[in-house]
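The values are calculated or read from the model by the stated rules, or taken from the named source; none is laboratory data. Only a predicted model underlies this, so the values are computations on that prediction, with no experimental measurement involved. Note: ideal-geometry Cβ built from the backbone for every residue, glycine included; neighbour counts use all protein chains shown. With ligands, DNA and RNA removed, areas are computed over all heavy atoms of the protein, side chains included. Shrake-Rupley method; radii C 1.70, N 1.55, O 1.52, S 1.80 Å.
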Amino acid sequence: MKGSSEINCGPIGVFDSGYGGLTILRELRRQLPQYDYLYLGDNARAPYGTRSFDIVYEFTLQAVRTLFSRGCQLVILACNTASAKALRTIQQRDLPLIDPTRRVLGVIRPTAEAIGKISANGHVGVLGTQGTVNSRSYDMEIGKLYPDFTVNSESAPMWVPLVENNEADGPGADYFVDKYVGKLLASDPDMDTIILACTHYPLLYPKIRSRVPENMTVLRQGEIVAESLDDYLRRHPEMERRCTRGGSCEYLTTENPDKFTDLARLFLDTDVNVSHIDLNS
């Protein structure tokens, strides 16, 4: 803690408003299995995508404080909406007061950084929640790094409920995948890369992939975030030393644990042991 010579250590915290962040967690554990992880899903108050900036910030800060209280020195916001609406304020205003030695990272910056190596012509599409699209976070982050790139975004509000109702593989998803992908492609005929800017969307990847040209890249964030975290820990050994190494993973949810367990199977293909937590307490 601040003012102490003792080095505090703990698991890597992973936060999402719902279940989609499990796709990020799965890839983190695949690429960086040596660390301990603590996943927190604010499932009872999801989705965040339609909520105001102030509410998303308030909820996200509650989650970050909770993960800090359980020993996490580093927290990943595995949620595009939280990364778009809350990350910068938490980093700049709250962390210096809570503990300037801890870190909170998001998923938008590493995705934007990777685009420069992936897109051949600088024409990029973004599919996300209404909140992420309205924030224009991807437009701004990509614009800072690659000013000559063209970014077009389309919200896909029906995709999260389709995934969470286990309809991602069903015929009912076809209409909404066609609708949102079609609108995005029509916005820029030169588009060569699409970012799936919501952590639920990888579960719709086969349908999305089948509806875009073969030479177009459809980018899922899990691998990028894991590679970015690996790079971050290499560049910041002082933080890497504060991440415990036991290969464990614990789960917390603000929802009913049985419901979380059932839905987590869609994202992890395995059962999990989860505990309930109240972020308002």
(request) Round to a whole angstrom and tell me the spacing of the C-alpha centers of the stretch 252-281 and the stretch 55-81. (result) 17 Å
(message) Classify the stretch 213-281 from the C-alpha gyration tensor, please: rounded if a/c falls under 1.5, else prolate or oblate depending on whether a/b exceeds b/c.
(response) oblate
(request) On a C-alpha basis, how far is the centre of the stretch 196-246 from the centre of the stretch 94-151 in Å? Whole number, if you could? (result) 13 Å
(message) Give me a comma-separated list of calculated 3J(HN,Hα) values for the stretch 31-39, in order, Karplus coefficients 6.51, -1.76, 1.60 applied at θ = phi - 60°, integers in Hz, x for any Gly or Pro.
(response) 7, 10, x, 6, 8, 8, 10, 10, 9
(request) Starting at the first residue of the stretch 160-168, write each ³J(HN,Hα) from the Karplus equation 6.51 cos²θ - 1.76 cosθ + 1.60 with θ = phi - 60°, in whole Hz, x for Gly and Pro. (result) 5, x, 4, 5, 6, 9, 6, 10, 4
(message) Probe radius 1.4 Å, ligands and nucleic acids left out: which of 148, 190, 36 has the largest accessible area, and how do the rest follow?
(response) 148, 190, 36
(message) Give me the net charge for the shell around residue 280: Cβ to Cβ below 15 angstrom, other residues only, Lys and Arg +1, Asp and Glu -1.
(response) -2
(message) Could you sort 240, 223 by their accessible area in this structure, using a 1.4 Å probe and putting the largest first?
(response) 223, 240
(message) What are the ³J(HN,Hα) couplings of the stretch 79-95, residue after residue, when phi is run through the Karplus curve with 6.51, -1.76, 1.60 and θ = phi - 60°? Round to Hz, x for glycine and proline.
(response) 8, 5, 5, 5, 4, 6, 9, 10, 4, 4, 5, 5, 5, 8, 9, 8, 4
(request) Only helical DSSP H runs with n ≥ 4 go in: add -39500 (n - 2.57) per run for the chain, normalise by residue count and round the 222 nm mean residue ellipticity to 500 deg cm²/dmol. (result) -12500 deg cm²/dmol
(request) Considering the options 24, 74, 46, tell which one lies farthest towards the positive end of the dipole of the chain, charges being +1 on Lys and Arg and -1 on Asp and Glu at the Cβ, about the Cα centre. (result) 74
(request) Pull up all non-local amide H partners of residue 219: gap of 5 or more, or a different chain, and H-to-H distance under 5 Å with H placed in the peptide plane. (result) 194, 195, 196
(request) Could I have the simple spin-label model distance between residue 210 and residue 140, label points 7 Å from Cα toward Cβ, reported in nm to one decimal? (result) 3.8 nm
(message) Which residue, 172, 247, 194, has the largest displacement toward the positive end of the dipole of the chain when charges sit on each Cβ (Lys, Arg +1; Asp, Glu -1)?
(response) 247
(message) Can you give me the % of accessible surface on the stretch 150-281 that is carbon or sulfur? Probe 1.4 Å, all protein chains present, nothing else counted.
(response) 44 percent
(request) Compute the long axis of helix 108-118 from its Cα atoms, compare it with the longest principal axis of the Cα atoms of the chain, and write down the angle in degrees, 0 to 90, nearest 10. (result) 50 degrees
(request) Assign unit charges at the C-beta atoms only (+1 for Lys and Arg, -1 for Asp and Glu), then state the dipole size of the chain relative to its Cα centre in Debye, rounded to the nearest 20. (result) 640 debye
(message) Quick query: amide H of residue 39 versus all other amide H atoms, modeled in the peptide plane; which residues come in under 5 Å with a sequence gap of 5 or more or a different chain?
(response) 14, 250, 251, 252
(request) Specify the angular offset, from 0 to 90 degrees and rounded to the nearest 10, of the alpha carbon long axis of helix 172-186 from the longest principal axis of the alpha carbons in the chain. (result) 80 degrees
(request) With label points built 7 Å along Cα→Cβ from the Cα atoms of residue 227 and residue 148, find their separation and express it in nm. (result) 2.2 nm
(request) Leaving ligands, DNA and RNA out of it, rank 140, 158, 216 by accessible area with a 1.4 Å probe, largest first. (result) 140, 158, 216
(message) At 1.4 Å probe radius, can you tell me the per residue accessible area of the stretch 144-276 in Å²?
(response) 51 Å²
(request) Could I have the simple spin-label model distance between residue 238 and residue 30, label points 7 Å from Cα toward Cβ, reported in nm to one decimal? (result) 3.4 nm
